[in-house]
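Comments concern the structure below.
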Amino acid sequence: MRQVLILLWLLYHAWQVNAQNNLPILDRRLTIKITNQPLAKVLNIISETANFNFSYGNNIKINRNVTIHAENRTVKEVLDQLFNQQITYQQIGNHLILQKKIIPKNTTQIQGNNVTPTKYNYRVTGYVRDLYSGNGLTNVSIYEKQSLASTLSGDFGYYELPLSSKDSKIFIRYTVQGYMDTIILIPFANNGLIELNLNLTSSNPLMQYDETEILDTADIGFHIPPIDTSDTLVKDSLTRTKLTWDGNHFKKIKVSETQFGKWFINNYQRLSEKNISDSFYRDWQFTLIPPLGTNGRLSGLVTNRFSLNTFIGYNGGVDGAEFGGLLNIVKHNMQGAQFAGFGNMVGGHVKGAQFAGFFNHNLGDLQGFQAAGFYNVNHGYANGMQASGFFNMNLKSMEGMQVAGFLNINKDFLNGAQAAGFVNVNGGSINGIQVAGFVNANRRDLNGAQVAGFVNMNGGDVNGIQAAGFVNIARVVEGGQVAGFVNIAKKVRGFQIGIVNIADSSEGLTIGLINFIRTGLHQLEISKTENNYGLAYRSGTRKFYSTAFVNSSIPIRDSATLMNYGWGLGTSFKILKPLYLIVDLTSQHLTFNFLSDHLNLQNRLNVGLEYRLIKGIAVFGSASLNHLISDTRDYHFNTTFKNYGGNSIWHHAGTYDQHAWIGYQFGLRLF
């Protein structure tokens, strides 16, 4: 019998607990006796006793001691006593949300005399939920377009939006990704205290509901006119692309993904801009630092005609002028002029001019002018000019000019000019000119000129000229290469002038001490003239070649052997298949054992024939017209140079004696 009574008691107790739990939280009863204990501890005891959870924000002050004695009282009665009826309650599931009671502000001239107010103060509060599941939606943007007042829904979808308006009716917009945008027309009532709970409909077409009710009027504390369905907007989800360097390609980034964006655009602004597709326009704005400005936390959605930022500003766009003490950040486009003490950052296109003490950085196209103390960067197409103290970079094609103290980089086609103190780099073709103190580099064709103090490099064809202090490099030269040391090309159809010229093939002119043409002329020459024996190297093409040579009398003595060294140019014409007409013009300095302190210069014109015996071996012979200018102050003059060459056909006496004679040359050519 005892066991039966215990079982019945347990069943009764479980029934009481279940009945208590099925009651609304505020109607559940409890007995509590606490003296001078922290309020936070008291709330924990209440929630454990009545079997529910509290949720409250920082505006609920719980850092005080309280005393309460209540027997078999409801939760609401206990809480009203603890908070002196200054709290409102909202139950969601088994959570009880505590909110501070809103005390309405007196609207101008609306109290007591029924005069039409000049200003309406609203405070709209409520919950935003999913229509299908009933769950609260966090991070929903709620805003009023004219005042730019905005907020984000928090835990359980609760929101609170205070604003002032000159209108007795306002439109409140609710928007979040994945749900239909909704606009609600709210008339002024209840001294502006509006409680509006809203169920949002998913914009996912795969989710279909039997009933769709955007507004539940039972949740509104006043009468509201029927909602015009035309005020309900549907927003498409926007895809976003991330910007990184991927091999040879730059992908688009957003200004919020830059380092400055990470520093100065807060999470509230990012969420709002992600949710809201609306655009706003203002004649002017003033900002201290974001978001402390006249456009508030929605500044990234606002385009301004005039913008003034004391230190740092963040705005949606500029259609006029913007001035910043340190930094101007624009999310979208800038049309007009920007001036900043430190830098300008634009996430869209620039049409106009940017001036900054340190940098200009544009993530879109440029049509205009950028001037910065240190660097300019443009991620899109450029039509205009970049000028900086250190470097300029453009990541697509450019029509215009880059001028930098150190480095210019253009990633694609350039129709214009690059001028840098050190290096110019172009990733496409050039229709224009590159001028650099050290290096010019172009990836594709050049139609114009490259001028560098050290090296010009061109990965494509040159239809123009390359001039460098040391080396020029190109694929096909239709114009010319002039270098202090070496010119390198795959094919030459124009000319090369340098100490060394290197090419795979040449149909043009190569002038240098050594000309190495892979498919051209390479001959080792052994010869005899009327005065001495010679050894020479002929290189280039048969159309035009150069000759470097040394001559010496035989036998060779230690200190009194006449030795000559020189260089010349020549050409040959095919008469028959193995027979060529040759014309050479050479100049050589006459010395004794390659030592001399005086000018003794012989110039020689050879005209003769070359006959190829077999492949790689030829013999030649020529008549020559010789001219010698010699210094009479050389002690070898009377013994060697006065009658050098034989019988003179012309003579001119003076400090520098000159005479001419007819001579000959014959010999063997190999290769």
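The values are calculated or read from the model by the stated rules, or taken from the named source; none is laboratory data. Note that the coordinates shown come from a computational prediction; the quantities given were computed from them, not determined experimentally. All Cβ positions, even for glycine, are placed from backbone atoms using ideal geometry, and neighbour counts span all protein chains on display. Side chains included, ligands, DNA and RNA excluded: accessible areas come from the protein's heavy atoms. Shrake-Rupley method; radii C 1.70, N 1.55, O 1.52, S 1.80 Å.
The figures follow:
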{"quantity": "Selection within segment 37-72 - assigned to a strand (DSSP E or B) and under 12 Å from ILE25 (Cα atoms)", "calculated": "ASN53, PHE54"}
{"quantity": "First in segment 167-183 and assigned to a strand (DSSP E or B), second anywhere and surrounded by fewer than 18 Cβ atoms within 10 Å (Cβ to Cβ) and among the polar types (S, T, N, Q), Cβ under 7 Å, 6 or more apart", "calculated": "TYR179/SER202; TYR179/SER203; THR182/THR232; ILE183/THR232"}
{"quantity": "Residues that are among the aromatic types (Phe, Trp, Tyr), closer than 23 Å to ILE183 by Cβ and open to solvent by 60 Å² or more (accessible area, probe 1.4 Å), drawn from segment 256-282", "calculated": "TYR281"}
{"quantity": "Residue among ASN440, ASN431, ASN424 that alone is of a type outside the set (Gly, Ala, Ser), under 16 Å from MET401 (Cα atoms), assigned to a strand (DSSP E or B) and open to solvent by 10 Å² or more (accessible area, probe 1.4 Å)", "calculated": "ASN431"}
{"quantity": "Pairs with Cβ under 6 Å, 6+ apart, first in segment 570-594 and farther than 17 Å from GLY667 by Cβ, second modelled with pLDDT under 90 and crowded, with 17+ Cβ neighbours inside 10 Å", "calculated": "THR571/PHE544"}
{"quantity": "Residue under evaluation SER505, criteria (1) out of contact with any Lys or Arg (no Cβ under 7 Å at 6 or more places or on another chain); (2) open to solvent by 20 Å² or more (accessible area, probe 1.4 Å), criterion not met", "calculated": "(1)"}
{"quantity": "Subset of segment 93-108 (residues that are modelled with pLDDT of 75 or more and either in a loop (DSSP other than H, G, I, E, B) or open to solvent by 20 Å² or more (accessible area, probe 1.4 Å) (or both))", "calculated": "ASN94, HIS95, GLN99, LYS100"}
{"quantity": "Pair list, Cβ under 7 Å, 6 or more apart: segment 253-269 residue at negative phi, other residue among the small types (Gly, Ala, Ser) and surrounded by 18 or more Cβ atoms within 10 Å (Cβ to Cβ)", "calculated": "LYS254/GLY347; VAL255/GLY261; VAL255/GLY347; ILE265/SER256; ILE265/GLY300; GLN269/GLY300"}
{"quantity": "Residue within segment 366-376 that is under 30 Å from VAL176 (Cα atoms) and open to solvent by less than 50 Å² (accessible area, probe 1.4 Å) present", "calculated": "no"}
{"quantity": "Test: residue in segment 642-653 that is assigned to a strand (DSSP E or B), in contact (Cβ under 8 Å) with a residue 24 or more places away in the chain and open to solvent by 60 Å² or more (accessible area, probe 1.4 Å)", "calculated": "no"}
{"quantity": "Scope segment 515-566; condition of a type outside the set (Gly, Ala, Ser), touching a Lys or Arg at 6+ places or on another chain (Cβ under 8 Å), touching a residue at least 60 places away in the same chain (Cβ under 8 Å) and open to solvent by less than 50 Å² (accessible area, probe 1.4 Å); matching residues", "calculated": "HIS522, GLN523, GLU525, ARG538"}
{"quantity": "Residue list for segment 595-640, filter: free of Cβ contacts under 8 Å to residues at least 60 places away in the same chain and part of a helix (DSSP H, G or I)", "calculated": "PHE637, ASN638, THR639"}
{"quantity": "Which numbered condition ASN113 misses (of (1) open to solvent by 60 Å² or more (accessible area, probe 1.4 Å); (2) modelled with pLDDT under 75; (3) of a type outside the set (Ser, Thr, Tyr); (4) within 19 Å of PRO162 (Cβ to Cβ))", "calculated": "(4)"}
